[in-house]
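Engineer: Starting off with a structure, shown below.
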Amino acid sequence: MANETTSAPTLEMVAALAGVSRSTVSRVVNASPKVTPEATDAVNRAIEALGYVPNRAARSLASRKTQALALVIPENTAKFFTDPFFASVIHGIAMHLASTDYTLSLLIASEANPEKTRRYLQGGNVDGALILSHHSDDISYRALARTLPVVFGGRPMSDEGTDNYVVDVDNVEAARIATRVLIDRGHTNIATIAGRQDMAAGLDRVEGWRSALADAGLQPGPFEVGEFTVAGGANAMNRLLDGGEPFDALFSASDQMAFGALSVLRERGIRVPDDVAIVGFDDDDFAVNSTPTLTTVSQPSVALGERMAEVLVSLIEGEPIEKLTIMPTRIVTRESA
């Protein structure tokens, strides 16, 4: 937690708390390799404790740019390669960077050891980082923004003590509108398969579902949480059906999970949309290749990636840029609702 002082923490305060010289702090901030790991750890702990934010302009003058950026995805490899959302965002990032001198490195970071990735990013290897699909325990990535230009795709779970740049959609409002689609079609017992509850998107989409039901004077239907995967949706649907609580519609927090849920409903002889109507979220290949095709929330994944890259490049180059960008979403109506 940052100390409460009347003025912003200074480099000298960081040096005093870390027990090192002012020049050592400057070297760590500027990612110099001429600092021992012990001193680097002490300085980073002091920076986090004080909430010190380095002067970006001074840092730019003191260090040579690498013209390299990193895209960090804190997910396991299997999740990365099966989720079309990542491919779309990367496509957008690459489109924007094609007109710049920056190159992009992809880091599929282990959720078990985010510190390894953070050390690489702070080692002077890149000028900035894009963080996508982060979780509640990714504290090190939020702290990273103190010493390196960072842009988050999707809001971090907590903004405490950080000065974050974020590109996102309004997940609460999008889920609220998706649930209203089902309400407007006369459904009164609407279940949800929510995404991971250690991710902001998972929490926000549940909030939107609950809010729409409350506005309509309806009680929430049955609730299950799944991974943002086909298997996660299938497992959650089995739990919903085995629970015995009736529902006539479903809001799924992702199209992948809706795709898995549909397979279970077919196996059990439950017709969509006749018996259960479904609205998903993403508008990816799973939505158009499912049977029936999915009514869903379309989020502009490619444009989101473009905007993330635009914000990061502007941040690195000292250009004025908005800290928060909310991308538009829309409902795409197909056969499932």
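The values are calculated or read from the model by the stated rules, or taken from the named source; none is laboratory data. Keep in mind it's a predicted model, so treat the numbers as computed, not measured. Cβ atoms come from the backbone with ideal geometry, glycine included; neighbour counts cover every protein chain shown.
Engineer: Under the condition of being of a type in the set (Val, Ile, Thr) and buried (at least 18 other Cβ atoms within 10 Å of the Cβ), which residue from the stretch 9-34 is farthest from Asp127 (Cα to Cα)?
Structural biologist: Selected residue: Val20.
Engineer: From the set of residues in the stretch 179-208 that are more than 23 Å from Lys79 (Cβ to Cβ) and hydrophobic (A, V, I, L, M, F, W, C), which is farthest from the chain's Cα centre (by Cα)?
Structural biologist: Taking the candidates together, the pick is Ile183.
Engineer: With Thr77, Thr100 as the choices, which residue is modelled with pLDDT under 80, of a type outside the set (Lys, Arg) and surrounded by fewer than 20 Cβ atoms within 10 Å (Cβ to Cβ)?
Structural biologist: Thr77
Engineer: Of the residues Ala178, Ala214, Ala231, which single one is out of contact with any helix residue (DSSP H, G or I) (no Cβ under 9 Å at 6 or more places or on another chain), at pLDDT 90 or above, more than 23 Å from Glu306 (Cα to Cα) and in a helix (DSSP H, G or I)?
Structural biologist: Ala214
Engineer: Another one. Just need a number here: residues in the stretch 234-254 that are touching a helix residue (DSSP H, G or I) at 6+ places or on another chain (Cβ under 9 Å) and assigned to a helix (DSSP H, G or I).
Structural biologist: 7
Engineer: Moving on. Output the residues belonging to the stretch 276-305 that are surrounded by 21 or more Cβ atoms within 10 Å (Cβ to Cβ), touching a residue at least 60 places away in the same chain (Cβ under 8 Å) and not in a strand (DSSP E or B).
Structural biologist: Asp284, Phe286, Gln299, Ser301, Leu304, Gly305
Engineer: A follow-up question, please. Can you tell me which residue among Ala234, Ala212, Ala191 is under 30 Å from Val89 (Cα atoms), aliphatic (A, V, I, L, M) and touching a Leu at 6+ places or on another chain (Cβ under 6 Å)?
Structural biologist: The conditions single out Ala191.
Engineer: Could you tell me which numbered condition Gly221 fails, if it satisfies all but one of (1) closer than 22 Å to Val332 by Cβ; (2) buried (at least 21 other Cβ atoms within 10 Å of the Cβ); (3) of a type outside the set (A, V, I, L, M, F, W, C); (4) touching a strand residue (DSSP E or B) at 6+ places or on another chain (Cβ under 8 Å)?
Structural biologist: (1)
Engineer: I would also like to ask the following. At pLDDT below 90 and over 22 Å from Ile316 (Cβ atoms): is that true of Ser32 in this structure?
Structural biologist: no
Engineer: Please count how many residues of the stretch 181-211 are part of a helix (DSSP H, G or I) and of a type in the set (Lys, Arg).
Structural biologist: Total meeting the criteria: 2.
Engineer: Taking Arg196 as the residue in question, decide whether it is without any contact (Cβ under 8 Å) to a residue 24 or more places away in the chain and in contact with a strand residue (DSSP E or B) (Cβ under 8 Å, 6 or more places away or on another chain).
Structural biologist: On the way: without any contact (Cβ under 8 Å) to a residue 24 or more places away in the chain: no; in contact with a strand residue (DSSP E or B) (Cβ under 8 Å, 6 or more places away or on another chain): yes.
For Arg196, the condition - without any contact (Cβ under 8 Å) to a residue 24 or more places away in the chain and in contact with a strand residue (DSSP E or B) (Cβ under 8 Å, 6 or more places away or on another chain) - is not met.
Engineer: For the stretch 59-73, give me the residue count where each residue is modelled with pLDDT of 80 or more and either within 20 Å of Val28 (Cβ to Cβ) or surrounded by 16 or more Cβ atoms within 10 Å (Cβ to Cβ) (or both).
Structural biologist: 7
Engineer: Got a sec? Which of Ala178, Ala236, Ala201, Ala231 is touching a residue at least 12 places away in the same chain (Cβ under 8 Å), surrounded by fewer than 20 Cβ atoms within 10 Å (Cβ to Cβ), outside the structural domain of Arg142 (by TED's automatic domain parsing) and closer than 22 Å to Phe286 by Cβ?
Structural biologist: Matching residue, one of Ala178, Ala236, Ala201, Ala231: Ala231.
Engineer: Hey, can you tell me all the residues within the stretch 105-136 that are at pLDDT 85 or above and either of a type in the set (S, T, N, Q) or surrounded by fewer than 16 Cβ atoms within 10 Å (Cβ to Cβ) (or both)?
Structural biologist: Ser105, Leu106, Asn125
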